[in-house]
Amino acid sequence: MRLPSRSLESLEPALHYRVPALPARAATLRQLLCEWAGEVGVPPDTRQEIALAAYEAMANVVVHAYPPGTSGVLELQADLTDGVVTVVIRDEGQWQPPPDDPGPLHGRGLPLIRELSLDSRVSPGPEGTTVRMTWSTTGSSTR
Amino acid sequence: MSVHVEQHGAAVVLRVTGELDLLTAPRLEESVDNALREQPQVLILDLSEVGFLASSGIAALVDAHQRGGKETEVRVVARGNATFRPLELTGVTAKLAVHPTLDEALSVE
């Protein structure tokens, strides 16, 4: 039952960018990711979820990963395999655990990532933080 | 992202067009600052033409609501996946007055 689309999907180019962690670059990568998702046939509603969740992960890198006044690397990877879109956002900075009470103006990024993706995992490490998120392109699994 | 300011009776309406994210949210905050300086009775942030709303944009809405305080009642116009859904998922619809259309936001008693 899972045979027909696999060989086609594996031909779709995966996405990979490494850019400076700056707000304008995060916005550009969001657009490129959205275009890619459209090209590989991800439905519009899911595309919107991917764009927002990936952007929130990238915004966290831009705002929190590197000490104020410095900048580092922002990396985006995406691919589609067997009907599952995987998006990985990576930095080479220092994970900042969210405060217990972030106040009314902060702390919405990670909840959005969790709510919008089928599955998400934040992996902080000594060499940086990786956020991995997945979506099904069949559209039936999230709602 | 652009913001157009309109006066509707006692309400000031900020019609926002484009994307509200890390890059553009500070410009909305600036427009809100300017609008609140006149202490209107009602300030409506109309996101009908916003195609992307990130948490930084949501923070700008919450900030506007807080700064409006007792003098200015802040209302938001949002509908659909791009704007209403992020507000709903983050629980902001329970705290801010969110209306589906500008007409409805204007006709609240």
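Of the residues B:14, B:23, B:87, the one that moves most in a GNM of chain B with alpha-carbon contacts below 10 Å is B:23. Diffusion coefficient (Stokes-Einstein, Kirkwood radius over C-alpha pairs, 4 °C, 1.567 mPa s) for chain A: 83 µm²/s, rounded to a whole number. Residues in the range A:67-73 carry Karplus couplings, in order, of x, x, x, 10, 9, x, 8 Hz; the curve used is 6.51 cos²θ - 1.76 cosθ + 1.60 with θ = phi - 60°, and Gly or Pro positions show x. Working note: Cα atoms of the range B:19-60, range along each principal axis, descending, whole Å: 28, 19, 13. Mean separation of Cα pairs under 8 Å and 6 or more residues apart, divided by the residue count, gives chain A a relative contact order of 26 percent. How high is the relative contact order of chain B, given as a whole-number percent (alpha carbon pairs under 8 Å, six or more residues apart)? Relative contact order for chain B comes out at 25 percent. Can you pull the one-decimal nm distance between simple spin-label points at residue B:41 and residue A:81, each 7 Å off the Cα toward Cβ? Calculated label separation equals 6.1 nm.
For chain B, the normalised intensity computed at q = 0.13, 0.14, 0.16 Å⁻¹ comes to -0.38, -0.45, -0.60 (log10 of I(q)/I(0), Debye sum over alpha carbons, equal scatterers, no solvent). Please identify which residues in the range A:32-73 have an amide N closer than 19 Å to a label point set 7 Å out from the Cα of residue B:33, following the Cα→Cβ vector. Once the point is set 7 Å along Cα→Cβ of residue B:33, nothing inside the range A:32-73 turns out to lie under 19 Å by backbone N. For the segment B:48-56, counting C-beta atoms of other chains within 10 Å of every residue's C-beta and taking the mean gives 5. Over the range B:1-43, the alpha carbon radius of gyration divided by the compact-protein estimate 2.2 N^0.38 Å works out to 1.16.
What residue among A:70, A:129, A:46 has the largest mean-square fluctuation in a Gaussian network model of chain A, using Cα springs under 10 Å? Most flexible of the set in this elastic network: A:70. Comparing A:44, A:124, A:99 in a Gaussian network model of chain A where C-alpha atoms under 10 Å apart are linked, the largest mean-square fluctuation is found at A:99. Dividing the C-alpha radius of gyration of the range A:23-104 by 2.2 N^0.38 Å, with N its residue count, gives 1.20.
Take the Cβ atoms of residue B:81 and residue A:14, set R0 to 25 Å, and the FRET efficiency comes out at 0.45. Shown here is the pair-distance distribution of the protein assembly as shown: with all Cα-Cα distances grouped in 5 Å bins from zero up to the longest one, the shares run 1, 6, 14, 16, 17, 14, 12, 9, 6, 3, 1, 1, 0 percent.
Values quoted throughout were computed directly from the atomic coordinates according to the rules given, and no laboratory measurement underlies them. Just so you know, these numbers come straight off a predicted model, no measurement behind them. Heads up, the Cβs are rebuilt from the backbone with ideal geometry, glycines too, and the neighbour counts pull from every protein chain shown.
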